[in-house]
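Trainee: Dropping a structure here in structure tokens format, bear with me for questions.
The numbers here are math on the coordinates, done by the rules we state, and not lab data. Everything numeric here is computed off the predicted structure, so don't read it as measured data. Cβ atoms come from the backbone with ideal geometry, glycine included; neighbour counts cover every protein chain shown.
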Amino acid sequence: MRGMWLLLLLTVSACSEQEDLRQYVVEVRSRPATVPEPIPTVSSYFPEPYAPVSQRSPFVAPRPEGITSQTEDPRKCARPDAGRDKHPLERYSLESLSMRGTLQNAGIIRALISTPDGATHPVKTGDRLGFNQGEITAITREQVSLTEYVPDGRGCWIRRETALSLVSSQ
């Protein structure tokens, strides 16, 4: 008997939902119709002919700009000494090193260079530091002057002058 009451109750509730749905449909149909936006016009397609003489082939990898087929004679290029022993400060980038001061003894001036791990190394003219094989050319109280070798991308090296300035401790 209980199941019958439950079935009757569900039927009545379903009928009331159907009536709500019918009223909603009548309301939507009574609204004024809106005109849809016109379909946009599509421009015509004109294929571009491929002229392999004037353009590069899409099937060949592009060559980087600035590299020519004629390379300079490697014997005429400036080159760093590849056979020398590396200085401990050549393991660090020049940006990560800092000059902390100078020491002078018997007319020889040395700079104190600090590494990121907190070690301090005394260096003199002729020592090397930085990734670009920078050779110390001069030391003053305010800075260490260097000549670095930077690759030019064509198998040669360019000499570049740079400096490491004194860091004031505050």
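Trainee: Mind listing which GluC sites (Glu not before Pro) in the range 74-151 are in a DSSP loop and have 13 or fewer other Cβ atoms within 10 Å? Each step should come with its number before you reach the end.
Mentor: Numbers: sites: E90, E95, E135, E142, E148; in loops: E142.
Within the range 74-151, the qualifying GluC sites (Glu not before Pro) (loop, at most 13 other Cβ atoms within 10 Å) are E142.
Trainee: For the range 28-40, take each phi angle, set θ = phi - 60°, evaluate the Karplus expression 6.51 cos²θ - 1.76 cosθ + 1.60, and give the result in whole Hz per residue in order, putting x for glycine and proline.
Mentor: 5, 6, 7, 5, x, 6, 9, 7, x, 5, x, 6, x
Trainee: Oh, and also: Apply the Kirkwood formula to the range 94-165: the hydrodynamic radius equals the inverse of the mean of 1/r over all pairs of different alpha-carbon atoms; give it in Å with one decimal. Could the numbers behind the result be given before it?
Mentor: Numbers: mean 1/r = 0.0788 Å⁻¹.
Every distinct Cα pair counted, the radius reaches 12.7 Å.
Trainee: Among residues other than L21 whose Cβ falls under 15 Å from its Cβ, what is the net charge (Lys/Arg +1, Asp/Glu -1)? Could the numbers behind the result be given before it?
Mentor: Values: positive: R22, R29; negative: E17, E19, D20, E27.
Result for the local shell: -2.
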